[in-house]
Amino acid sequence: MKFQAVDKVSNISGKEFHECYVKPGKPVIFEDLAKDWPASDLWSFEYFRSRYGHWMIPMYDKSYHEPGAGYMKPATYKRFGEYLDIIEHEPTDLRFHNFQIMKEAPELAEHYHTPRIMNGFLKFALMFFGGKDSTLNLHYDIDCSHVFLTHFQTRKKLYLFSPDQSELLYHLPFTNHSHLDVLQPDMEEFPAYEKARGMVADIRHGETLFIPKLWWHFVHYVEGGFSLALRANDSVATKARGLWNLVRLFTVDTGMNYLAGESWKKYKENQAKRNASRLLV
Ligand SMILES: O=C(O)CCC(=O)C(=O)O
Ligand SMILES: [Fe+2]
């Protein structure tokens, strides 16, 4: 599949951003949104290693969505310093995700500013760390917020799809994810994917990707690095939908995984295939 490159912009006004990207729901990369942030100069592998290297952190890998007792649970634990050494120097599929800044290290919040480009920014900030060649499953963000993802150190790629293509992407019911591997899609297993139209964002140190709410994204760490995700949600209806998604994931999906494991996974996959096959004719 050919992916359309996401626009890169700088010096754009809030009005222009709203008209060209928020209203139509279109991703864009800001080259300069983080240019005045102390984090752009301060944050490095060494910065995190010297301050938080002693923490024991949960590590996730490709088994994240495998059914059974480990469903959406950490694959292992490591010292943060040891993990940072690995991702700085060698490939690994281990990721440290959803690191909650305000809870674990609120002092880091002094190193970035809430963007003034739109209203509705949440105080909630997350960080994501990944090693060279690690990937994150195709998913959309369950709380239905817009995401502003600023990358640090190296480079990573995000493959993006609009929400109206959920069925072509084999959206697994009761969840916010899909088992389709965007880098190596199995076209026999997922034939409808051929009709999907994706975009690709190649982001480098200091660049910020705007992911509009409900957009699907698959993350590929081309090199080891880390990102900060700020979120904006200015609509009560979208907040309510996000809450409903969370309840569904953490009650129905995890409960059924606990009760039925492999057969619950099969049921969801079959439903996804049935929904996609309607679009094949
Ligand atoms: O960059 C990552 O590892 C994950 C980013 C992501 O999925 C998000 O910010 O919603
Ligand atoms: Fe995400």
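Bear in mind these aren't lab numbers, they're just calculated from the coordinates by the rules spelled out. Nothing here was measured: the structure is a model prediction, and the numbers come from that model. Note that each Cβ is placed from the backbone with ideal geometry, even for glycine, and that neighbours are counted across all protein chains shown.
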| Under the Karplus relation 6.51 cos²θ - 1.76 cosθ + 1.60, θ = phi - 60°, what is the ordered set of whole-Hz ³J(HN,Hα) values for segment 212-224, x standing for Gly and Pro? | x, 3, 6, 6, 6, 8, 10, 10, 10, 6, 5, 9, x
| request: Starting from one equal scatterer on each C-alpha and no solvent at all, send me the Debye-based log10 I(q)/I(0) for the chain at q = 0.07, 0.14, 0.15 Å⁻¹, two decimals. | output: -0.25, -1.09, -1.26
| request: Let me have the 222 nm mean residue ellipticity of the chain computed from DSSP H runs of 4+ only, each contributing -39500 (n - 2.57), with the sum over all residues rounded to the nearest 500. | output: -7000 deg cm²/dmol
| Short version: ³J(HN,Hα) in whole Hz for each residue of segment 114-121, in order, from phi by Karplus 6.51 cos²θ - 1.76 cosθ + 1.60 (θ = phi - 60°), x for Gly and Pro, what are they? | 5, x, 9, 6, 7, 8, x, 5
| query | FRET efficiency for Tyr47 and Ser10, Cβ-Cβ distance as r, R0 = 25 Å, nearest 0.05? | reply | 0.45
| field | Ranking of Leu126, Leu138 by count of other Cβ atoms within 10 Å, fewest first | value | Leu126, Leu138
| query | What shape does segment 1-74 have by the C-alpha gyration tensor, where a ≥ b ≥ c are the square roots of the eigenvalues, rounded means a/c under 1.5, and otherwise prolate means a/b greater than b/c and oblate the rest? | reply | oblate
| Hey, quick one: spin label on Asp181, modelled 7 Å out along Cα-Cβ, who in segment 135-160 has an amide N within reach, i.e. under 17 Å? | 135-139, 159
| Pairwise centroid distance, computed over Cα atoms, of segment 99-147 with segment 209-281, Å | 17 Å
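Classify segment 180-281 from the C-alpha gyration tensor, please: rounded if a/c falls under 1.5, else prolate or oblate depending on whether a/b exceeds b/c.
Numbers: a/c = 1.71, a/b = 1.20, b/c = 1.43.
In terms of gyration-tensor shape, oblate.
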| request: Normalising by the residue count of the chain, find the relative contact order in percent from Cα pairs under 8 Å and 6+ residues apart. | output: 26 percent
| query | Using 0.36 nm per residue, how much length does the chain from Asp36 to Ile86 gain when fully extended, once their Cα-Cα distance is taken away? | reply | 15.1 nm
